[in-house]
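The values are calculated or read from the model by the stated rules, or taken from the named source; none is laboratory data. Please read these numbers as outputs of a predicted model, since none were measured by experiment. Cβ placement follows ideal geometry from the backbone for every residue including glycine, while neighbour counts extend to all protein chains displayed.
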Amino acid sequence: MTAPWHVSDALAARYASGSAPEPDAWSVEKHVEVCGGCAARVSAAVRAGGSGPVLADVRAALLDTVRAETAAAPPRRVGLRPRPALSPASRWARILWAAGPALRGAWLVAVLVVVAAAVGLAYGAGFQEARPMLLALAPVLPLAGVAVSYGRHADPMYEIGVATPSGGLRLLLTRAAAVLGVCVPVLTSAGALLPPVTGVPGAAAWLLPGLALTLAALALGSFVGCRAAALTLMGGWLLAVTGPVLGQPGAAAELARLLSGPAAQGGWAAAAVACAGLLALRRRSFDHLETR
């Protein structure tokens, strides 16, 4: 074992005069971070050198300034200063800032286009399948908002947000809630305004399937990223449900089997609970930057 290295008086003098080679100066600066004795030796050499009087004058002036400011300042109680209460406007500003990309983008336009098309076809063209069409599309429309509300591709402040205490899953859930906060009233109200069709589920039948698919996208997003997860589920739903349902005569009966009734709604509720549980287990995965 080698003996521990320390700064000699000669090396300290060369460092203080600026004549020490650059590698030796680096070694001294690194060593004095952990060695108090060598730090005192180097400090004494610097004060004894040509820079000593200048450093002494600077130190004295700084101490005089601190004493004068301390004497002039009123006495303060030691302790934590209470955080000022936020005004309602400030709270809403923080909420809107956190929602961020979830409240803008092409997905919101897509939701409004689907709603306008359904209402226009129903009342303008007398299209009887407008209500089934809306119910078949409604569960996956929130996924479009999830896909563009979180991640490197969607948020220019993504890296900063992940590093903050309110980032990660908390931020993702805030933005998913903002997406649902827009979709739920818009789609449900539009469905209620459409002419009723015999056998077609009610306007709110899509809520549990939509919630389950949204939670599934978030849970799957912990593995592959939110955008890839949302797009995968959207494609699967459109291919497996929307296309076949709207392409056959018995669309009302098929929608009733998938969306309404105790069995269907219970199944969607169980799926939502399972996805929420998986999301809770995978919550730490959102504390790291996406690499996809």
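Is it true that ALA20 is touching a helix residue (DSSP H, G or I) at 6+ places or on another chain (Cβ under 8 Å) and not aromatic (Phe, Trp, Tyr)? Taking the combined requirement at face value, the residue satisfies it.
With respect to the stated conditions, ALA163 fails to be at pLDDT 90 or above and either over 24 Å from LEU231 (Cβ atoms) or not assigned by TED's automatic domain parsing to the domain that holds LEU112 (or both).
To keep it simple, each residue is scored yes or no on (1) assigned to a helix (DSSP H, G or I); (2) of a type in the set (Phe, Trp, Tyr); (3) modelled with pLDDT of 80 or more.
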position: THR2; (1), (2), (3): no, no, no
position: ALA10; (1), (2), (3): yes, no, yes
position: ALA16; (1), (2), (3): yes, no, yes
position: VAL34; (1), (2), (3): no, no, yes
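Could you tell me whether any residue of the stretch 146-156 is at pLDDT below 90, among the acidic types (Asp, Glu), assigned by TED's automatic domain parsing to the domain that holds LEU259 and not in a loop (DSSP other than H, G, I, E, B)? No. Is it fair to say THR232 is within 26 Å of GLY126 (Cα to Cα) and of a type outside the set (A, V, I, L, M)? No, not satisfied. Might you check whether a residue that is assigned by TED's automatic domain parsing to the domain that holds LEU180 and at pLDDT below 90 occurs anywhere in the stretch 262-275? Within the stretch 262-275, not a single residue is assigned by TED's automatic domain parsing to the domain that holds LEU180 and at pLDDT below 90. Failed condition for ALA190, given (1) surrounded by fewer than 19 Cβ atoms within 10 Å (Cβ to Cβ); (2) touching a residue at least 12 places away in the same chain (Cβ under 8 Å); (3) aliphatic (A, V, I, L, M); (4) closer than 30 Å to VAL119 by Cβ, with all others met? Unmet condition: (1). Considering the stretch 230-263, and only residues there that are touching a residue at least 40 places away in the same chain (Cβ under 8 Å) and within 24 Å of LEU169 (Cα to Cα), the residue that is nearest to the chain's Cα centre (by Cα) turns out to be ALA230. Only one entry of LEU55, LEU86, LEU80 meets the criterion of being surrounded by 11 or more Cβ atoms within 10 Å (Cβ to Cβ), at pLDDT below 90 and outside any helix (DSSP H, G or I), and that entry is LEU86. The C-beta contact set for the stretch 11-40 (first residue at negative phi, second residue surrounded by 16 or more Cβ atoms within 10 Å (Cβ to Cβ) and among the charged types (D, E, K, R), distance under 7 angstrom, 6+ apart or interchain) comprises ALA12/ARG41; ALA20/ARG14. Among the residues of the stretch 215-249, the ones that are part of a helix (DSSP H, G or I) and farther than 20 Å from LEU279 by Cα come to 12 in all. Just checking, does the stretch 250-263 include any residue being of a type outside the set (Asp, Glu), touching a Lys or Arg at 6+ places or on another chain (Cβ under 6 Å) and in a helix (DSSP H, G or I)? No: zero hits.
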